[in-house]
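Following: one structure in structure tokens, then a few remarks.
We did not get these values from a lab; they are worked out from the coordinates using the rules stated. What you are looking at is a predicted structure, and each value in this text was computed from that prediction instead of being measured. Note that we place each Cβ from the backbone using ideal geometry, even for glycine, and neighbour counts take in every protein chain shown.
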Amino acid sequence: MTVPFVSLAESNSEIKTQFLDSLSQLIDSGSFILGPAIQEFEKSFADYTGTKHAIGVSNGLDALTIALQSLKLQAGEEVIVPAHTYIATVLAVIHAGAKPVFADVDESSFNLTASEIEKHITAKTKAIIPVHLYGQPCDMESIGALAEQHKLYVIEDNAQAQGATFNGKRTGSFGHINATSFYPAKNLGAAGDAGAITTNDSALAERAMQLRNVGSDKKYVHDVIGYNARMDSVQALFLQHKLPLLDKWNAERRRIAARYIKNLQGVEQIILPSVIKDAESVYHLFVIKTDNRDELQQFLSGKHIQTLIHYPVPNHLQKSLTHLGYGQNSFPVTEKLCSTILSLPMFVGLTDGQVDYVCEMIKEFFL
């Protein structure tokens with residue numbers, strides 16, 4: 001049996017016919033940039049996330065960068081980010097002209113906690129970026145309370161958690177302004193690169209719309225220095241067809257995760273993912289921890305099971321970020337995670353037989 005790490009075949013096939021029909025109509029209309037398809041998806045996504053505004057952009061990094069720039073941060077001001085996250089979270093802070101300050105993460109949830117964030121707050125701190133990593137929500141109640149206490153902005157990085165909830169409220173709706181990615185392998189994936197910003201603040205939404213559109217809200221009038229970072233109508237159409245199926249697909253991911261957990265419960269050499277109280281994960285990734293990570297990955301590869309490591313090199317040790325001044329042992333939990341985590345296959349359409357086979361091979365390796 002062969003088990004790929006990810007396959008988009010089933011989810012994409014569910015909307016292929018309808019998408020191609022609407023694509024034909026789009027081609028006939030010629031409305032490819034900031035047309036009705038964009039506006040319809042933005043309204044649908046805002047409604048889904050429970051926010052007043054959604055702004056479609058070109059990708060997740062641009063979404064984060066524009067969200068931060070909408071806050072008008074000044075050079076030298078600090079933004080606290082998790083040490084364990086995809087590098088785009090960090091790059092966005094730098095592109096926005098601020099300074100990223102790393103905080104270590106919780107070993108069980110993989111996420112920032114209010115207690116760890118508080119250690120890094122200084123007079124220069126202006127914002128916090130909680131990342132709902134691997135589909136696991138952060139404790140937004142405690143983070144929000146801390147931010148309010150210190151008068152800090154909150155920008156959620158919701159790229160891996162579309163549809164997840166904390167206290168019954170969807171992630172991507174807690175922060176002052178938030179960002180997500182629709183990279184094809186995300187829970188809500190486009191047919192290429194795309195992203196979005198969500199907010200309840202109309203002034204921030206207006207500035208974000210200007211920034212994504214070369215600093216303009218009126219043709220050939222440019223009030224701010226902006227980007228060409230617009231979502232195109234093809235991606236909006238694709239996402240508009242997928243959005244109504246997202247909750248169903250997320251439920252399937254939770255079912256697959258439950259099967260993994262049940263099957264692997266007795267394997268003492270691995271630590272299974274856990275979800276914090278009052279949160280509902282959407283399992284963008286199913287990540288286990290083991291001290292035998294590299295040997296297990298090699299063994300599973302020999303059994304035709306594809307796995308990945310998210311992420312093998314901590315951000316604070318990346319060559320491109322050495323100027324931030326961190327070194328080895330700066331963030332012990334993050335460094336431990338980067339040497340022990342392994343992402344197992346997880347996608348819509350992963351069969352029970354494939355999950356069982358992966359679990360059987362893991363047991364064979366350890367037992």
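Quick notes on this structure:
- When peptides 248-258, 301-311, 25-35 are sorted by average Cβ neighbour count within 10 Å, with the highest value leading, the order is 248-258, 301-311, 25-35.
- Residue order for K262, K169, K319, fewest other beta carbons within 10 angstrom first, comes to K319, K262, K169.
- Size of charge dipole - the chain - debye, nearest 20, with Cβ of Lys, Arg +1 and Asp, Glu -1, no other charges: 400 debye
- Each Lys and Arg contributes +1 and each Asp and Glu -1, all at the Cβ; summed about the Cα centre of region 246-366, the dipole is approximately 200 debye.
- Of K303/K363; K16/K169; K242/K277; K16/K52, those spanning more than 23 Å from alpha-carbon to alpha-carbon: K16/K169; K242/K277; K16/K52
- Entry note, region 59-125: relative contact order of 34 percent, from Cα contacts under 8 Å with a spacing of 6+ residues.
- Farthest towards the positive end of the charge dipole of the chain, among the residues P36, Q235, A164, is the Cα of P36, using unit charges on the Cβ of Lys, Arg, Asp and Glu.
- Charge dipole (region 9-244, unit charges on Cβ, about Cα centre) - positive-most of L64, G135, N12: L64
- By DSSP, the beta bridges lying fully in the chain are antiparallel in about 65 percent of cases.
- Here's the list of lysines a cross-link from K99 could span, going by alpha-carbon distance under 26 Å and ignoring same-chain residues fewer than 8 apart: K72, K119, K124, K126, K151, K319, K336.
- Region 187-236 - charge dipole about Cα centre, Lys and Arg +1 at Cβ, Asp and Glu -1, debye rounded to 20: 120 debye
- Over region 9-244, Cα pairs under 8 Å with separation of 6+ residues give a relative contact order of 25 percent.
- Candidates I309, C338, T351 compared by Cα position along the dipole of region 307-367: farthest toward the positive end lies C338, with charges placed on Cβ.
- Cα point-scatterer Debye curve for region 261-367, base-10 log of I(q)/I(0) at q = 0.21 Å⁻¹: -1.17
- Each peptide in 10-20, 204-214, 174-184 gets a packing score, the mean of other Cβ atoms within 10 Å over its residues, and the list from highest to lowest is 174-184, 204-214, 10-20.
- In straight-distance terms, cross-link reach from K219 covers every one of the lysines whose alpha-carbon lies under 16 Å from its own, apart from those fewer than eight places away in the same chain; here that gives an empty set.
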